[in-house]
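Report on the following structure.
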Amino acid sequence: MKETITNYIIEHITKQKVSGISEDEDLLGSGLVDSLGMMKLIAFIEKEYNLSIPSKDMTVENFMTIEQILNYIESIK
Amino acid sequence: MIYTLHHIIEEASKSAPHAIAFSCLNKTLSYSELELKANQLSYHLISVGIQKGDRVGIFMNRCIETAIAVYGILKSGAAYVPLDPFAPISRTVTIVDDCQIACLISTPQQQSKINTLVKSVPRIKNVVGCEPMVGPSGTKWEDIFAQKATTAKRIEILEDDLAFILYTSGSTGKPKGIMHTHYSALSLAKIVVDTFDFDEDDIFGNPAPLHFDPSTFGYFVAPLVMAKTIIVPDAHLRLPVSLSALIAKEKISVWYSVPLMLIQLLQSNTLNEHEFSSLRWVFFAGEVFIPKHLKALMEVWPHAKYCNLYGPAELILCTYHELKETITGEESIPIGRTWANTEHLVLNEQNQPVRNGETGELAVRSATLMRGYWNNVKLTEKSFHRIKIANGYDHIYYRTGDLVKLNKDGELLFLGRNDRQIKLRGYRIELDEVESVFLKHEKVLEVAVVIIALEKEAQELAVAIKLKDDSDVSEAELRQFSSEHLPAYAVPTYIEIFDDFPRTSSGKINRRQIADIIDQN
């Protein structure tokens, strides 16, 4: 799951040239993911893992790093 | 007496030393801490050879150190140049070269980008806040703050000295540097404080990055009344649910952002979940606020006062319109009247004032007017409208390029542009610059950038490309190429390759028809 999400960000979202993203990197603060990118990422996660993410859960606490995203997905599965 | 921007915090640190000046996430700076740390940074800068009039870059995202960098650089006698860490490296290199920056202030988070940057620009000799792997010497923040800050020589700084340079999109494809002096920026702060009822109990929300002129509100206006500024972190700005929680938690009383950010807050459906009773003022600028959204916002936050601000970065701001009563949700919001120390003209194509109610270009004369564009006298002169009073004495107006007219209440209405500059989600973009970037690609023959707008609030940039004979290039490659030269917000959403362009009878590219074609696809 970690690899799938990391690869999706690298291949489809970020406009920067990066080879990898560490689990605790601030995706939003580093500019890897912008607002539109975040919407794309959330749509991807919903489709890929057959989830429905309520808008109230789209918070810094749940989506700032890949680690937080993984924890969040586990928590709502 | 306050004559320069850094006098603001020198005064505040005497009157209210323990009051919080800036806060970002769990970090805070009181006025006395800010004064001390800014002094320490300025002594360091002077010790590495920074002289009055030099330019020092600030390469940081939104964080508490931005405040120390701004005031530390000003105290050293240099001007600060904010560099957007999210911008493509080639654009940053262009700016660093254009205004000859030899010193950068940064943070450890920017380490990898700083490494790339210093490799491309050998002129950078010093970096504060992170240590580059190669090249210039780096000094950690801890070492700056460990210095004894008492022995440095005092620099005499005048209000006429350069304070900062803001780079913005230039139609030739090269960004242009808007120079503001201590006088023009301090004038802005004084006028704003004079116009509205801010005081030391206010808490300003500052979402603007340093390279956007609205940051002058958080960094200079708030300290002038000894209020607190909350620097909104990047992550919160991209997740409206968290932004809404932050505004409530920090008890922000003065908010200033582009309308889009407020619309996103509204659409996050969280404004009923928190307590926003502290919010007194909501300011917006940068683009037209669609009245139906503003009306909805005013219904959710009925206790706040609302004010439309207007001004190109060359003037920072120059007009305001406070919404006194509920709005219909249909009529467009005026940009209002010019404020103190400011006057305006509405000019026709012959540079003569139009009659009341007629449309013309807005030209503004103000204490907040920029000094000019960095190293570009020709462009500066072109942007000024001079009225000669006597030999050697002119009244200088800035030509905004914005078309306006007076409504029946004597307030200015914004009607559009007289050139190809646009505002997209609050960002200022020159369509000619976007075209010039694509033209740099070796396989591209002709380019037309257009705006696709199904609705006013859903505008997107699109580009039509005609390739040179026998050339082949993918849209993905063109996208990658443009994102290496343009800030992300100026990279077109749609890139389409055309065999040939539709043309008007005079042979010009028919952009309207291109927009229709792309729109239908």
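The values are calculated or read from the model by the stated rules, or taken from the named source; none is laboratory data. What you see is a predicted model; the values in this text were computed from it and never measured. Ideal geometry is used to build each Cβ from the backbone, glycine not excepted, and the neighbour counts take in all protein chains shown.
Below are the figures for this structure:
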item: Some residue of segment B:358-375 being without any contact (Cβ under 8 Å) to a residue 12 or more places away in the chain and acidic (D, E); result: no
item: Total residues in segment B:351-406, condition farther than 21 Å from B:Q421 by Cα, part of a loop (DSSP other than H, G, I, E, B) and not small (G, A, S); result: 9
item: Failed item in (1) out of contact with any Asp or Glu (no Cβ under 7 Å at 6 or more places or on another chain); (2) more than 23 Å from B:E430 (Cα to Cα), with B:F284 passing the rest; result: (2)
item: Where a residue in segment B:169-195 is without any contact (Cβ under 8 Å) to a residue 24 or more places away in the chain and among the hydroxyl-bearing types (S, T, Y) and its partner, wherever it lies, is assigned to a helix (DSSP H, G or I) and crowded, with 23+ Cβ neighbours inside 10 Å, with Cβ under 6 Å and at least six apart; result: none
item: Within segment B:193-231, tally of residues that are within 14 Å of chain A (Cβ to nearest Cβ) and touching a Ser or Thr at 6+ places or on another chain (Cβ under 6 Å); result: 1
item: Pairs, first within 12 Å of chain A (Cβ to nearest Cβ) in segment B:257-274, second part of a loop (DSSP other than H, G, I, E, B) and modelled with pLDDT under 90, C-beta under 6 Å, six or more apart; result: B:L260/B:R425; B:L260/B:G426
item: Breaking point among (1) within 30 Å of B:S483 (Cβ to Cβ); (2) surrounded by 24 or more Cβ atoms within 10 Å (Cβ to Cβ), for B:D84; result: (2)
item: Pair list, Cβ < 6 Å and 6+ apart or interchain, from segment B:498-521 residues that are in the same structural domain as B:D470 (by TED's automatic domain parsing) and of a type in the set (K, R) to residues that are assigned to a loop (DSSP other than H, G, I, E, B) and modelled with pLDDT of 85 or more; result: B:R503/B:N510
item: Counted residues, segment B:388-435 - those being at pLDDT below 90 and among the small types (G, A, S); result: 2
item: Residue count, segment B:428-455 (criterion: among the β-branched types (V, I, T) and within 15 Å of B:T172 (Cβ to Cβ)); result: 5
item: Scope segment B:169-200; condition of a type in the set (S, T, N, Q) and surrounded by 21 or more Cβ atoms within 10 Å (Cβ to Cβ); matching residues; result: B:S169, B:T181, B:S184, B:S187
item: Single condition B:Y393 does not satisfy, out of (1) over 21 Å from the mean Cα position of the chain (by Cα); (2) aromatic (F, W, Y); (3) crowded, with 17+ Cβ neighbours inside 10 Å; result: (3)
item: Which numbered condition B:A296 fails, given (1) more than 22 Å from the chain's Cα centre (by Cα); (2) under 25 Å from B:E200 (Cα atoms); (3) of a type outside the set (F, W, Y); (4) away from chain A (no Cβ under 14 Å); result: (2)
item: Selection status of B:L117, over 30 Å from B:I396 (Cβ atoms) and either crowded, with 20+ Cβ neighbours inside 10 Å or outside the structural domain of B:I58 (by TED's automatic domain parsing) (or both); result: yes
item: Per-region count, segment B:18-73, residues among the polar types (S, T, N, Q), within 14 Å of chain A (Cβ to nearest Cβ) and surrounded by 21 or more Cβ atoms within 10 Å (Cβ to Cβ); result: 2
item: When residues of segment B:237-272 are limited to those that are of a type in the set (A, V, I, L, M), assigned to a loop (DSSP other than H, G, I, E, B) and modelled with pLDDT under 95, the one farthest from A:S55 (Cα to Cα); result: B:V258
item: Unmet requirement for B:L158, which otherwise passes all of (1) surrounded by fewer than 19 Cβ atoms within 10 Å (Cβ to Cβ); (2) hydrophobic (A, V, I, L, M, F, W, C); (3) within 14 Å of chain A (Cβ to nearest Cβ); result: (3)
item: Counted residues, segment B:62-78 - those being more than 14 Å from B:Q51 (Cβ to Cβ) and among the charged types (D, E, K, R); result: 2
item: Cross-chain or 6+ apart pairs with Cβ under 6 Å, segment A:55-67 first and within 17 Å of B:L271 (Cα to Cα) and more than 7 Å from chain B (Cβ to nearest Cβ), then assigned to a helix (DSSP H, G or I) and modelled with pLDDT under 90; result: none
item: Filtered residue count, segment B:273-315, keeping only those that are of a type in the set (S, T, N, Q) and not in a loop (DSSP other than H, G, I, E, B); result: 1
item: Listing of strands (runs of 3 or more DSSP E) fully contained in segment B:444-504 that carry 2 or more residues being more than 14 Å from chain A (Cβ to nearest Cβ), on the phi > 0 side of the Ramachandran plot and buried (at least 17 other Cβ atoms within 10 Å of the Cβ); result: none
item: Lone qualifier among B:K423, B:K408 - being surrounded by fewer than 17 Cβ atoms within 10 Å (Cβ to Cβ) and within 30 Å of B:A488 (Cβ to Cβ); result: B:K423
item: Qualifying residue in segment B:324-336 (condition: in a strand (DSSP E or B), on the phi < 0 side of the Ramachandran plot and outside the structural domain of B:D160 (by TED's automatic domain parsing)); result: no
item: Of residues in segment B:232-256 being touching a Phe, Trp or Tyr at 6+ places or on another chain (Cβ under 8 Å) and not hydrophobic (A, V, I, L, M, F, W, C), the one farthest from the other protein chains (Cβ to nearest Cβ); result: B:S253
item: All positions within segment B:221-259 that are over 21 Å from the mean Cα position of the chain (by Cα), closer than 24 Å to B:E35 by Cα and among the small types (G, A, S); result: B:A227
item: Selection from segment B:254-296 of residues that are of a type in the set (A, V, I, L, M, F, W, C) and out of contact with any strand residue (DSSP E or B) (no Cβ under 8 Å at 6 or more places or on another chain); result: B:L260, B:M261, B:I263, B:L265, B:L266, B:L271, B:F276, B:I290, B:A296
item: Hey, A:L70 within 22 Å of B:H236 (Cα to Cα) and within 14 Å of another protein chain (Cβ to nearest Cβ) or not; result: no
